[in-house]
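The values are calculated or read from the model by the stated rules, or taken from the named source; none is laboratory data. Since the model is a prediction, treat every value here as computed from it, not as a measurement. Here the Cβ positions follow ideal geometry from the backbone for every residue, glycine too, while neighbour counts run over all protein chains shown.
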Amino acid sequence: MQDLIEKIMESSNLEKSKIEEKIEEKKKELPDISEEGIVRLVAKELGVDLLRPEPKELKIKNIVPNMRNITFIAKVTGTQPVREFNSGGNTGRVQNIILEDETGKIRLSLWNEEVDKFKLNPGDVIKIENSRTKKDNLGNSEARISYSGNIVKSDATIELKPAKDSFIGLEEGDDVLLDATVIHIFERPMVYYFCPMCRSRVINNTCSLHGNVEPNKILIMSGILDDGNTTMNAVFFGDSAKSLAGKDVEEVEEELKIKPVESFIKDLDILTKKFKIDGTTRINQLSNDLEIRIKKIERSG
């Protein structure tokens, strides 16, 4: 019974003596109820849910989509700008935070008032208490703060895995930092349109959820890199694609209206050129092959 009383103490901030007084009063009021039943009734009156399972503290590698009531410690390694959205006439804000520990990385999404409540910066080591997870649009786990969840600073030491300097032996979730040569760019659509509210792909200015919208645009390029040992497929999104092409999404969109993709790629003059790349490996959801998602790229030499 003492473990139940300790849970009540933790959640109610009442002294043990005060809780025991309430238990004795309830015993007199309900003499036919067992002691455990009395304790649970007192807990309920105090707003303490004894049925809620204890939060599970996990390493990131063990976090999968659709989990609840989990706790983990991680280092903030990246913060994205706050994005405003309008959905069904309701406006809101969201900010994505990249978290890592020695076993992997995960994205944390902060919504609306959480953005101001939890101001996080790269290098912060934090404990995320009572969170839940969902599957993001790439099939990876995304953490969110539950209604009763919290984020607190932690003095834990986290030693992140060093970035790999070779394509050989790469595994999913590895960071990669090396020089590589672009040997092929795939002749695929490079300008993608997505809904400003739900970020789903938009076709002919139509979102499957929000109907007719003015879409946002992103530049996406993919190809094959060679590090001198072997080759690896790579994907360039947004800023990294802009750095690779030397053009922003509007420029690429206009050029592709007047020339075929093959000519556009040839005119970029990037094939057989060497670049310094910074990226992370992931499994392509369609091909099930390992590829590198490039975060930063710049010409070598």
Residue match in segment 106-126 (condition: assigned by TED's automatic domain parsing to the domain that holds M67 and farther than 21 Å from P81 by Cα): no
Residues that are assigned to a helix (DSSP H, G or I) and over 20 Å from T181 (Cβ atoms), drawn from segment 243-255: V249, E250, E251, V252, E253, E254, E255
Meets criteria (within 17 Å of K61 (Cβ to Cβ) and of a type outside the set (S, T, N, Q)) for A156: yes
Qualifying residues in segment 152-181 (those that are in contact with a Lys or Arg (Cβ under 6 Å, 6 or more places away or on another chain) and in a strand (DSSP E or B)) - the one farthest from K119 (Cα to Cα): T181
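Conditions (1) of a type in the set (K, R); (2) farther than 30 Å from G211 by Cβ; (3) in contact (Cβ under 8 Å) with a residue 40 or more places away in the chain, marked per residue:
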{"residue": "L58", "(1), (2), (3)": "no, yes, no"}
{"residue": "I63", "(1), (2), (3)": "no, yes, yes"}
{"residue": "N69", "(1), (2), (3)": "no, yes, yes"}
{"residue": "K75", "(1), (2), (3)": "yes, yes, yes"}
{"residue": "E84", "(1), (2), (3)": "no, no, no"}
{"residue": "G92", "(1), (2), (3)": "no, no, no"}
{"residue": "Q95", "(1), (2), (3)": "no, no, no"}
{"residue": "I106", "(1), (2), (3)": "no, yes, yes"}
{"residue": "W111", "(1), (2), (3)": "no, no, no"}
Search result, residues across segment 163-190 that are of a type outside the set (D, E) and at pLDDT below 90: G173
Residues satisfying the stated conditions in segment 230-242, i.e. over 14 Å from R188 (Cβ atoms) and either of a type in the set (K, R) or outside any helix (DSSP H, G or I) (or both): T230, T231, M232, G238, K242
Boolean, G149 is assigned to a strand (DSSP E or B) and at pLDDT below 90: yes
Pair list, Cβ < 7 Å and 6+ apart or interchain, from segment 156-178 residues that are under 19 Å from G228 (Cβ atoms) to residues that are part of a loop (DSSP other than H, G, I, E, B) and among the hydroxyl-bearing types (S, T, Y): F167/T230; I168/T230; L178/S166
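Kindly indicate the residue of segment 98-135 that is of a type in the set (S, T, Y) and in a strand (DSSP E or B) and also surrounded by the most Cβ atoms within 10 Å (Cβ to Cβ) among those meeting that condition.
Quick first cut of segment 98-135, residues of a type in the set (S, T, Y) only: 103, 109, 131, 133.
Those left that are additionally in a strand (DSSP E or B): 109, 131, 133.
On the way: S109: 17, S131: 23, T133: 20.
Residue satisfying both the conditions and the ranking: S131.
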